[in-house]
Number of protein chains: 2
Amino acid sequence: MAEYKAPLRDMQFNLFELFDYEQHWQSLPPYQDCSRDVAEAIIGECAKFSENVLAPLNQSGDKEGCRWEDGQVFTPKGFKEAYQQYIEAGWPSMEHSPEYGGQGLPSSLGLLLSEIKGTANWSWNMYPGLSHGAMKTLMAHGTEEQKEIYLTKMVSGEWTGTMCLTEAHCGTDLGMLRTKAEPNADGSYSISGTKIFISAGEHDMAENIIHIVLARLPDAPAGTKGISLFIVPKFNVSDSGDIIDRNGVNCGSIEHKMGIHANATCVLNFDNAKGYLIGEPNKGLNAMFTFMNTARLGTALQGVAHAEMGFQKSLEYARERLQMRSLSGPKNPEGPADPIIVHPNVRRMLLTQKAFAEGGRMLINYCGKLVDTIDGGEEDAAKEADQKLAFITPIAKAFLTEVGFESANLGMQCFGGHGYIAEWGAEQNVRDCRISMLYEGTTGIQALDLLGRKVLMSQGEVMKPFTKEIHVFCKENEDNPLVPQLAAANKRWGELTMEIGMKAMDNKDEVGAASVDYLMMSGYITLGYFWALAANKAQAVLDAGTGEEAFYEAKIKTANFYFARILPRIETLATTMVSGADNLLALDSEDFSF
Amino acid sequence: MAEYKAPLRDMQFNLFELFDYEQHWQSLPPYQDCSRDVAEAIIGECAKFSENVLAPLNQSGDKEGCRWEDGQVFTPKGFKEAYQQYIEAGWPSMEHSPEYGGQGLPSSLGLLLSEIKGTANWSWNMYPGLSHGAMKTLMAHGTEEQKEIYLTKMVSGEWTGTMCLTEAHCGTDLGMLRTKAEPNADGSYSISGTKIFISAGEHDMAENIIHIVLARLPDAPAGTKGISLFIVPKFNVSDSGDIIDRNGVNCGSIEHKMGIHANATCVLNFDNAKGYLIGEPNKGLNAMFTFMNTARLGTALQGVAHAEMGFQKSLEYARERLQMRSLSGPKNPEGPADPIIVHPNVRRMLLTQKAFAEGGRMLINYCGKLVDTIDGGEEDAAKEADQKLAFITPIAKAFLTEVGFESANLGMQCFGGHGYIAEWGAEQNVRDCRISMLYEGTTGIQALDLLGRKVLMSQGEVMKPFTKEIHVFCKENEDNPLVPQLAAANKRWGELTMEIGMKAMDNKDEVGAASVDYLMMSGYITLGYFWALAANKAQAVLDAGTGEEAFYEAKIKTANFYFARILPRIETLATTMVSGADNLLALDSEDFSF
């Protein structure tokens, strides 16, 4: 059995049939060279690399884990070599500016490649993934000199990067962070403090690691308005980019954790480490936020990745495992029992995974177009795309990771008792997935961002472009059998937003009390829209005639499943989200247990 | 921080206020000595042992795991010593017949003790737990001689037992099993074959292990009607109960699995091992089924155990962790931030765990009374209890483990990123819990048992005593504010059963298509009943006057939470369960992916 097979046909459908990416790229000046042929060739190569090099290291990497020794971290067998192949093939430079050695390809394509690499081996892909985040920050906020010294080597992949935000006493609440930055006479800073949960914070895959660190200047105001951003390289670097000597940053330990064992989660001790300010003093958190949406999309992807992986594994098992007879009569009368895929409940579990994997991919690919437009579109279009993305991102991040985890668990469930055993890989998929609902802002934090900071703060304005898009689709496709249910859900979305907004005027805790249910409902409706789009497109292709009937019919049947079995989840959510804050707040903190 | 604190006040409420256990035990001849004082003393001792001896070994046991060496299995440090203390205190004999050295205490008490021990350390408690299952089988089906030789030593705890059912190619579908039993001239049998997933199948805690093994006689009919049950001791034993020599059963390996690392999951190779028939030839599966309900209750408990453990850990963290301010204004203005328990979404996660842990405990304690009545009641009462238990058991097993897993995950979620780190124990709680939805019959199998084999096969008769009980409660308590919602849900339960029954007459696959949703709905309504009962009782106590107002008010507030935020889940389930088999069966097996 192959560990992983990239779902190329499905990606092709999304990009070139559903979302018309060819025309999209043509319309954006920086991406006009990105034709369908170019994109498909790149995707195909990435699929080969991921299937042949990364996927075979996924299970061994989990088993072996990272090893910490005297401040050094050793990645599992094969990881270093895979990374070497990766940089030799030029993958790290894909989406970065040609000015610094990049290939200038669109972010949407990068997101797609991340899905492929990440599904094959999430732990491995976090090393270049974190580096990508650091590069984006440097690109947006670094000086020309900083970019030349650091960015060029990161784009080539010779060096990697990290993001150092969290401290032991603050994750969500970064305003409390304590790491200090003291100015030196030469214009640099001395950084001191301890950061935790630094993914890829130390490893043996690259000769230098460029840490992007949040810290406080001596005169900084308290809270989030006193945080600045610094470059702190593991090895100090000369102006010509040569490594000089070791800087005062050390990996104190790595965490023992539930999953992503092959990615080093580091405690980093900064002891008068030399650092360089990026952007303006005390504006560090703002600088971080500029690329927060794209970073969160990278985590949203993880939901899709584990749903896809769980689906592939459990589908193969369900077709082969013989156990019991179908209730409606034997389907494999020659064999000792029927393959378990005949059982309706096994199909329910498989279709749920399929609907979330493919539906989540549509959502990500939709967001990819927005990111491209922000990066390369005209000002008005970019602004519009940015607003839409700001609204959709917390939904994508929290919803896709929640349903990704559900999917990973259903994938495991299809294996029966064997699912609990390491050798099948289904349980690793669950463990690796579990972090996605926690890092880059928990589900609860995304839900507050969506409902509080975005929807209600804008009095609903921020959601209108998207709900209007759904409304227009419904109007234009009234004959589609899924449309009445979608239109009703979309309408209900608006009404419930109003209702919660009214309640929140009396009591701000109503926002928190409704938030997660609201976010999940938003996700189900959003995916409902994409499934209706897909079914609509598939029907049009079938009507026009195609040699791939089964593929398009499968899209329609999966959409039907989604509307019959998944979208009705909003019924319960619509009730619970407006049940009020009182049922949560009535109990005194000390009366939760006796 | 204590690793675990037994919820004694809650147990007291269930037993002696809600379910009137004192009167219940008094009414059953074998249990008349089990007074409230006796029971509370035993429970208190068990809590001490579990808190002080078992709980401290839970995390270290997970980390160290079991070690296999040349067919021997070594349990983690401290396990053997804890077991020694356990047998010295006489715990294994608690519920067993005085004829064989037991103390003859009621099973309901045993279930309660299992919850306490199992929450403290599920992996450890599986060793005596499996032994208990083997003892029950021997007691029900063994000959007098077999009981004298084997049971006595198991009741004392000197020996342990296992249940050997599963083979690599069959778990659910035991009709396919291949292990052979050839008769010997001396009346014994030679057992050959390989069993997998044998929990506690080999270990270093007891001097002998008595395997109860399913195998086929040479002339056995195919399928489930050709399976017989055998005793196969690890060491052969003389008629006087002395160990003679090693039998032909060996542990080939232990599984690497997601959790319960400290419990050995063994591959057992039987190579002409000497075995002894239990009960009649070819009736082995029936013999197993006689105690299946109680064995499944033991697994249902696991859902409660992990919900309780997750709740205790996350409640403590939520009270201490300072992060962000309450949206409705600071609640801890002197501190740098508010404790996260002020945030409504954190409370939602805590209350969900609390509602499932306490609600699940009520369900188990309710079932405990039924088990006692089956074991020690008069014939008619026993039969009635048996039918009720047969109906409730698949609900308890599947529903409580599903919501137990949800709870364990919510517990972990309360910790934010720290939840993913091993040292807090929240992720172990998730991993350990995950098996409960798989073994002893998956959720899907329980759902078919409930809806297909029980409810529809009896044309709904089997559910009536329970739904009638709810109906009577509603009638008698019309003033209780929760009753209208409960009565409506109970009515809907009946209607949906009819509706599915009608559909199933046309197409048997409608049963499988509805089954899991039906089971989960049944669970939510069942727990709704118990929460209404609890609120009702608490209100009565408050009305009468009490010095423990906060305790009883917490019961009412948690019930209100359950009715507002959890019970509405049946709205979605009521829609999806009758959405038909077609949305699951329409897609051809080969068209699930392209």
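The values are calculated or read from the model by the stated rules, or taken from the named source; none is laboratory data. No experiment lies behind these values; they were computed from the predicted model shown. Note that each Cβ is placed from the backbone with ideal geometry, even for glycine, and that neighbours are counted across all protein chains shown. Calculation scope for accessible area: heavy atoms of the full protein, side chains included, ligands and nucleic acids excluded. Shrake-Rupley method; radii C 1.70, N 1.55, O 1.52, S 1.80 Å.
Across the range B:326-335, computed HN-Hα scalar couplings (Karplus, 6.51 cos²θ - 1.76 cosθ + 1.60, θ = phi - 60°) run 4, 4, 9, x, x, 10, 9, x, 6, x Hz from first to last residue, x flagging Gly and Pro. With the label put 7 angstrom out from Cα along the Cα-to-Cβ vector, B:Asp506 ends up 4.6 nm from the copy partners, going from closest to farthest. Accessible area buried by the pairing of A and B, both sides summed with a 1.4 Å probe, works out to roughly 8300 Å². Annotation: per residue accessible area for the protein assembly as shown equals 36 Å², rounded to a whole number [probe 1.4 Å, protein chains only].
Distance from the alpha carbon centroid of the range A:168-208 to that of the range B:116-169 works out to 55 angstrom. Sorted into 10 angstrom bins from 0, the C-alpha pair distances of the range B:395-459 split as 23, 37, 23, 12, 5, 0 percent.
By the Kirkwood approach, averaging reciprocal distances over each pair of separate Cα atoms, the range B:265-412 gets a hydrodynamic radius of 18.6 Å. Take B:481-488, A:413-420, B:357-364, B:46-53 and order them by the average number of nearby Cβ atoms within 10 Å per residue, most first; the result is B:357-364, A:413-420, B:46-53, B:481-488. Sorted largest first, the spans of the alpha carbon positions of the range B:403-550 along the three principal axes are 54, 45, 22 Å. Using R0 = 25 Å, the C-beta based FRET efficiency linking A:Lys48 and A:Ser156 works out to 0.70. Sort out for me the Cα centre separation of the range A:274-340 from the range A:517-594, rounded to whole Å. Taking the Cα centre of each part, the range A:274-340 and the range A:517-594 sit 17 Å apart. Within chain B, antiparallel bridges make up roughly 80 percent of the DSSP beta bridges whose residues both belong there. Other protein chain C-beta atoms within 10 Å of residue C-beta, averaged over B:159-172: 2.
In chain A, helical runs assigned H by DSSP with n ≥ 4 each contribute -39500 (n - 2.57); averaged across all residues and rounded to the nearest 500, the mean residue ellipticity at 222 nm is -16000 deg cm²/dmol. Restricting the calculation to alpha carbons of chain B gives Rg and Dmax of 24.4, 84 angstrom. Restricting the calculation to Cα atoms, the range B:40-93 shows an Rg/Rh of 1.06 when the hydrodynamic-style radius is the Kirkwood one. Entry for the range B:336-484 at q = 0.09, 0.15, 0.17 Å⁻¹: log10 I(q)/I(0) = -0.41, -0.95, -1.09, Debye formula applied to identical alpha-carbon scatterers, no solvent contribution. Pairwise Cα distances in the protein assembly as shown exceed 50 Å for 27 percent of all pairs.
The label-point distance for B:Asp380 and A:Ala422, in a model that sets each label 7 Å from Cα toward Cβ, rounds to 5.8 nm. Amide H to amide H, with H built 1.01 Å from N, B:Cys164 comes under 5 Å of B:Ile212, B:Val213, B:Leu214, counting only residues 5 or more places away or on other chains. Taking only the C-alpha atoms of the range B:155-305, the Rg (one decimal) and the largest Cα-Cα distance, Dmax (whole number), read 15.3, 49 Å. Any idea what log10 I(q)/I(0) is at q = 0.15, 0.16 Å⁻¹ for the range A:7-164, Debye with uniform C-alpha scatterers and no solvent? Computed log10 I(q)/I(0) values: -0.86, -0.97. Residues in the range B:156-166 carry Karplus couplings, in order, of 6, x, 4, 10, 10, x, 9, 10, 10, 10, 5 Hz; the curve used is 6.51 cos²θ - 1.76 cosθ + 1.60 with θ = phi - 60°, and Gly or Pro positions show x. The same position B:Pro218 in the other copies lies at 9.5 nm from this copy, comparing label points 7 Å beyond Cα toward the beta-carbon, shortest first.
Close amide H pairs (under 5 Å, H built 1.01 Å from N) link B:Ser253 with B:Val267, residues at least 5 positions away or on another chain.
Counted over the range B:1-82 with a bin width of 5 Å, the fraction of Cα pairs per bin, in whole percents, is 3, 13, 16, 16, 12, 10, 11, 10, 7, 3, 1.
Which shape class applies to the range A:147-220: rounded if a/c is under 1.5, otherwise prolate when a/b exceeds b/c and oblate if not, where a ≥ b ≥ c are the square roots of the Cα gyration tensor eigenvalues? Since a/c reaches 1.5 but b/c is at least a/b, the shape of the range A:147-220 is classed as oblate.
Starting from the label point of A:Pro333 at 7 Å along Cα→Cβ, the same points in the other copies fall at 8.1 nm, in ascending order.
For the range A:217-231, backbone nitrogen atoms closer than 15 Å to the point 7 Å from A:Asn286 Cα along Cα-to-C-beta are found at A:221, A:224-229.
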